[in-house]
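Notes for the one structure printed next.
The values are calculated or read from the model by the stated rules, or taken from the named source; none is laboratory data. Since the model is a prediction, treat every value here as computed from it, not as a measurement. Here the Cβ positions follow ideal geometry from the backbone for every residue, glycine too, while neighbour counts run over all protein chains shown. Just so you know, the surface numbers come from the protein's heavy atoms only, side chains and all, with ligands and any DNA or RNA stripped out. Shrake-Rupley method; radii C 1.70, N 1.55, O 1.52, S 1.80 Å.
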Amino acid sequence: MENINIREYNWRCNYHFNPPFGLINDPNGLCYYNGYYYIFFQWYPYGCKHGLKHWGLIKTKDFINYSKPEIVLIPDSWFDRDGCYSGSSIVKDGKIQVLYTGNVRKEDGSRLSYQCLATIDEKGELKKHGPVVENIPQGYTSHFRDPKVFFYNDKYYFIIGAQSDSLKGRVLLYSSVDFKNWEMEGEIETELEDFGYMWECPNYVNIDDKDILIFSPQGLEEEFRFQNTYQSGYIIGKFNIEDTKFFHGEFKELDKGFDFYAPQILKDHKGRTIMIGWMGMADEEEKLHPTIDEGWIHSLTMARELVLDNGELYQRPLEEMKKLRKEEFSVEDIVFDNWKDEKVSGYSYELLLVLEKYKSEGFEIKLSLGNNEYISLKYDFIENIIILDRNNMSYGPKGIRKIKLDKKDSIKLHIFMDKSALEIYIDDGREVMSSRIFPKEGSKNVEILSKGGQGNIKKLRFWPLQGVKYNG
Ligand code: FRU
């Protein structure tokens, strides 16, 4: 690899969260407390590998100004000594009540899993209270983790990722009246009997009277779906908490880019369902990230709002993101073969595009173009397949990801570029593709090509985006 001068150019994002050093993965414990959104996350601070996991924290009132990242939960107790694994939180008795998985490995290599309680008071003081669930229920393996707590009808509940003895992914439900004594209610019964070997990081939310179960199944493969090593998706339907039965439709993936996993949701004080994901994947490819040379790896996604429209789930960048916009550039109704403009260029920007078929068969958008490299986003109006292609980049993992869309004569793309993080919202967030990319310095141009005849840029709006701040 070429010597990269990190002082002049680096891949640190401007409005996506990256760790100052070390490795981050899942967002954890999302809650709104005393005027701040608390965003905890899995953090191994001492290197770029999946080592002993701590919990880090950033806080924000507005998703623009954040506190400096700090370590809040340390694996220094008998019940979490091999990692403070993922978990969630709820505000109760004036404190943040955190439930997380204490990971413990025995000498023989086998694993124990404790579901532990910690509280954080208004002074920010954290107190560990130890395990509230010590045992793994009969019929399940020690892959038992990631409790997500919620309150419903005078009772506290958590759902937790599990693996049955026959090595099938499952979600179990527990309940408690006092938050200390927890009882197993049962397995959430779905129609997904044989659907991967482990379900991690479950989330439950009700939006507009529909119940949504989000989880991250491991061990699925198909052509247009499940292209990553691990998946994250959801089912929508009706959850009967009394008998733990979930009647639902098809499992759908939340994000079809290269880097998205283990999202967590939060219902905020305004009633919004906000979701943040880990923009990463624990597989061989993460070792190819060039930021390892700079001592850090991975990112969180932008915060997104989940909304239902006509029974379908859409993801929208949070309203707050608009505050990052700088001067707007826009054009409309441009018939084109090949379009570019020097104003539409940069490392951190938002690009909104409506492309119409007109006389074309499809188009290709080149992003991060320069130095003989680019990211390609192609769509064809015949097969209706969208392809994101990283093969023409010099650094980082390569490959393509594709989505089959419904037939149509125009497509809407909302693209968020942020140095090494790219999020593409398709058709108002009906589909999303999130990916890490590692352009060289100067690879920052955009070009739109029409294939097989002229296309029409119905609408193009572009804003350079300013960065968020970590102020302490
Ligand atoms: C998901 C996950 C969780 C676990 C955590 C450990 O990425 O494997 O199941 O709690 O990461 O960091």
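Taken over the range 390-400, the criterion of being part of a strand (DSSP E or B) and out of contact with any Asp or Glu (no Cβ under 7 Å at 6 or more places or on another chain) is satisfied by 395 alone.
Checking the structure you have, find out if any residue of the range 43-55 is more than 12 Å from the ligand (Cβ to nearest atom), buried (at least 20 other Cβ atoms within 10 Å of the Cβ) and in a strand (DSSP E or B). Checked against the condition, which is being more than 12 Å from the ligand (Cβ to nearest atom), buried (at least 20 other Cβ atoms within 10 Å of the Cβ) and in a strand (DSSP E or B), the range 43-55 yields no hits at all. Taking the range 221-247 as the range and being at pLDDT below 95, closer than 23 Å to residue 275 by Cα and assigned to a loop (DSSP other than H, G, I, E, B) as the test, the residues that pass are 225, 226, 227, 228, 229, 231. Would you confirm whether or not the range 451-469 contains a residue that is open to solvent by 40 Å² or more (accessible area, probe 1.4 Å), touching a Gly at 6+ places or on another chain (Cβ under 8 Å) and within 14 Å of residue 367 (Cβ to Cβ)? No, the range 451-469 contains no residue that is open to solvent by 40 Å² or more (accessible area, probe 1.4 Å), touching a Gly at 6+ places or on another chain (Cβ under 8 Å) and within 14 Å of residue 367 (Cβ to Cβ). Restricting attention to the range 195-202, does a residue exist that is under 26 Å from the mean Cα position of the chain (by Cα), open to solvent by 10 Å² or more (accessible area, probe 1.4 Å) and away from the ligand (no atom under 16 Å from the Cβ)? Yes; the residues of the range 195-202 include at least one that is under 26 Å from the mean Cα position of the chain (by Cα), open to solvent by 10 Å² or more (accessible area, probe 1.4 Å) and away from the ligand (no atom under 16 Å from the Cβ).
From the list 387, 403, 411, the lone residue that is assigned to a strand (DSSP E or B) and either under 21 Å from residue 342 (Cα atoms) or open to solvent by 10 Å² or more (accessible area, probe 1.4 Å) (or both) is 387.
Filtering the range 248-267 to residues that are among the acidic types (Asp, Glu) and outside any loop (DSSP other than H, G, I, E, B) leaves only 253. Among all residues of the range 72-79, there is none that is within 16 Å of the ligand (Cβ to nearest atom), surrounded by fewer than 20 Cβ atoms within 10 Å (Cβ to Cβ) and at pLDDT below 95.
Considering the range 91-126, and only residues there that are basic (Lys, Arg) and within 21 Å of residue 26 (Cα to Cα), the residue that is modelled with the lowest pLDDT turns out to be 111. Among the residues examined, residue 121 does not qualify as open to solvent by less than 10 Å² (accessible area, probe 1.4 Å) and in contact (Cβ under 8 Å) with a residue 24 or more places away in the chain. If the condition is being polar (S, T, N, Q) and over 20 Å from residue 280 (Cβ atoms), then the range 185-229 contributes 190, 206. Checking the structure you have, find out if any residue of the range 14-23 is touching a helix residue (DSSP H, G or I) at 6+ places or on another chain (Cβ under 7 Å), open to solvent by 10 Å² or more (accessible area, probe 1.4 Å) and at pLDDT 95 or above. Yes, some residue in the range 14-23 is touching a helix residue (DSSP H, G or I) at 6+ places or on another chain (Cβ under 7 Å), open to solvent by 10 Å² or more (accessible area, probe 1.4 Å) and at pLDDT 95 or above. The set of residues in the range 91-113 that are more than 12 Å from the ligand (Cβ to nearest atom), in contact (Cβ under 8 Å) with a residue 12 or more places away in the chain and open to solvent by 30 Å² or more (accessible area, probe 1.4 Å) comprises 91, 92, 94, 95, 105, 110, 112.
The residues of the range 158-176 that are without any contact (Cβ under 8 Å) to a residue 60 or more places away in the chain and surrounded by 22 or more Cβ atoms within 10 Å (Cβ to Cβ), listed by number, are 159, 160, 161, 162, 163, 169, 170, 171, 172. For the range 348-384, filtered to residues that are over 15 Å from residue 413 (Cα atoms) and polar (S, T, N, Q), the residue that is most open to solvent (accessible area, probe 1.4 Å) is 372.
Yes/no per residue for (1) outside any helix (DSSP H, G or I); (2) under 19 Å from residue 422 (Cβ atoms); (3) open to solvent by 30 Å² or more (accessible area, probe 1.4 Å); (4) hydrophobic (A, V, I, L, M, F, W, C):
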position: 269; (1), (2), (3), (4): yes, no, yes, no
position: 277; (1), (2), (3), (4): yes, yes, no, no
position: 282; (1), (2), (3), (4): yes, no, yes, yes
position: 291; (1), (2), (3), (4): no, yes, no, no
position: 305; (1), (2), (3), (4): yes, no, yes, no
position: 320; (1), (2), (3), (4): no, no, no, no
position: 323; (1), (2), (3), (4): no, no, yes, no
position: 327; (1), (2), (3), (4): yes, no, yes, no
position: 334; (1), (2), (3), (4): yes, no, yes, yes
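Taking the listed residues 394, 420, 410, 376, the one that is in contact with a Lys or Arg (Cβ under 9 Å, 6 or more places away or on another chain), of a type outside the set (Asp, Glu) and farther than 27 Å from residue 305 by Cα is 394, with no other qualifying.
Table: residues versus (1) within 16 Å of the ligand (Cβ to nearest atom); (2) touching a residue at least 12 places away in the same chain (Cβ under 8 Å).
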{"site": "278", "(1), (2)": "yes, yes"}
{"site": "286", "(1), (2)": "yes, yes"}
{"site": "322", "(1), (2)": "no, no"}
{"site": "335", "(1), (2)": "no, yes"}
{"site": "339", "(1), (2)": "no, yes"}
{"site": "344", "(1), (2)": "no, yes"}
{"site": "355", "(1), (2)": "no, yes"}
{"site": "359", "(1), (2)": "no, yes"}
